[in-house]
Structures are given as structure tokens and as C-alpha cells.
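Notes for the one structure printed next.
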Amino acid sequence: MTLALSTSARNGLLDAITTAIGSSGFVDIYNGARPASGGAATTKLAHLPLSATAAPAASGGVLTLNAITNDSSADATGTATWFRVTTSGGTFVIDGDVSTSGSDLNLNTTSIVIGGPVAISSFTITAPNA
């Protein structure tokens, strides 16, 4: 059976993600298959700092992250396939898919080259039935 949540419940769920990230978390971009939630990661392509407050309060069941500083020098070469958000101390918060459009986290390009820039064009998380 599919759950149906009220808007306030969806927003609360998403705001809990922001609370879990805390102050000054990170988003890491990886290639390869995404592991089970919080599992061992594959090759890290990029490491980008989130704003001190990752996102404002969710609205309408959607959490839109604040501006994310570009990674001016990618860690490795590969095709970006998934992301992981962590606290400032590196604790797992959430994983998701990466694309250039239509994904939670969208990049300008999924082709990452070591030493090159990595920019997130949009990052929104939508709660169930929003």
C-alpha cells in the first residue's frame, strides 16, 4: 500500500534531513553503483560544501537546498551516478541519484575530469506524494 502524507508531515520529514545535516555539511559525488543506504562508497569524484544551513524550511513537500559552493578541482575522473550528503564530520545522512536533469541532484555535466570544476545546477528532494 502506498502512503499518503499531509503537507505538514512531508515538510516535517524533509526538515528532519536539514536538521540531521546540521551546520556546514557536504555533498560528495560518486561513480558506479550506489550501495545500500550508508554503505561503502565507490570512487569519490567531487566534494562540495553545503551552506552553513543546508536548506530553508521545506515547502509543499519539497526541500530545495541553498547554494552549494562548486568544487574547483575534482578528486577523480569518472561518470557521476550518485551522491551522498554527510554532516560536517562525515556522518551519512542521505544518498540519491545524479543526472543533468530530472534527478534530485542535477549537475551541469555528469562527465567529471580530475582537477576540473564540478557544479551543481539544482538540488531538490521531494517527499512521497508531494
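The values are calculated or read from the model by the stated rules, or taken from the named source; none is laboratory data. The model shown is predicted, which means the values in this text are computed figures rather than measured ones. No Cβ is skipped: glycine too gets one built from the backbone with ideal geometry, and neighbour counts run over all protein chains shown.
Could you tell me which numbered condition Thr100 fails, if it satisfies all but one of (1) closer than 12 Å to Val27 by Cβ; (2) of a type in the set (S, T, N, Q); (3) modelled with pLDDT of 95 or more; (4) in contact with a Ser or Thr (Cβ under 9 Å, 6 or more places away or on another chain)?
If we test Thr100 against (1) closer than 12 Å to Val27 by Cβ; (2) of a type in the set (S, T, N, Q); (3) modelled with pLDDT of 95 or more; (4) in contact with a Ser or Thr (Cβ under 9 Å, 6 or more places away or on another chain), just (1) comes out false.
Is there a residue in region 88-102 that is aromatic (Phe, Trp, Tyr), farther than 16 Å from Leu45 by Cα, surrounded by 14 or more Cβ atoms within 10 Å (Cβ to Cβ) and touching an Asp or Glu at 6+ places or on another chain (Cβ under 8 Å)?
no
Would a scan of region 2-19 turn up a residue that is of a type outside the set (A, V, I, L, M), within 11 Å of Phe83 (Cα to Cα) and part of a loop (DSSP other than H, G, I, E, B)?
no
Search region 33-49 for residues being surrounded by 13 or more Cβ atoms within 10 Å (Cβ to Cβ) and among the aliphatic types (A, V, I, L, M), and hand back the single one that is nearest to Gly89 (Cα to Cα).
Among residues in region 33-49 that are surrounded by 13 or more Cβ atoms within 10 Å (Cβ to Cβ) and among the aliphatic types (A, V, I, L, M), the one nearest to Gly89 (Cα to Cα) is Leu48.
What is the residue count in region 62-98 for residues that are assigned to a loop (DSSP other than H, G, I, E, B) and in contact with a Pro (Cβ under 8 Å, 6 or more places away or on another chain)?
Number of matching residues: 7.
Name the pairs whose Cβ atoms lie under 7 Å apart, with the first residue in region 105-130 and free of Cβ contacts under 8 Å to residues at least 40 places away in the same chain and of a type outside the set (S, T, N, Q), the second surrounded by 13 or more Cβ atoms within 10 Å (Cβ to Cβ) and part of a loop (DSSP other than H, G, I, E, B), and 6 or more positions between them or separate chains?
Val113/Ala74; Val113/Thr77
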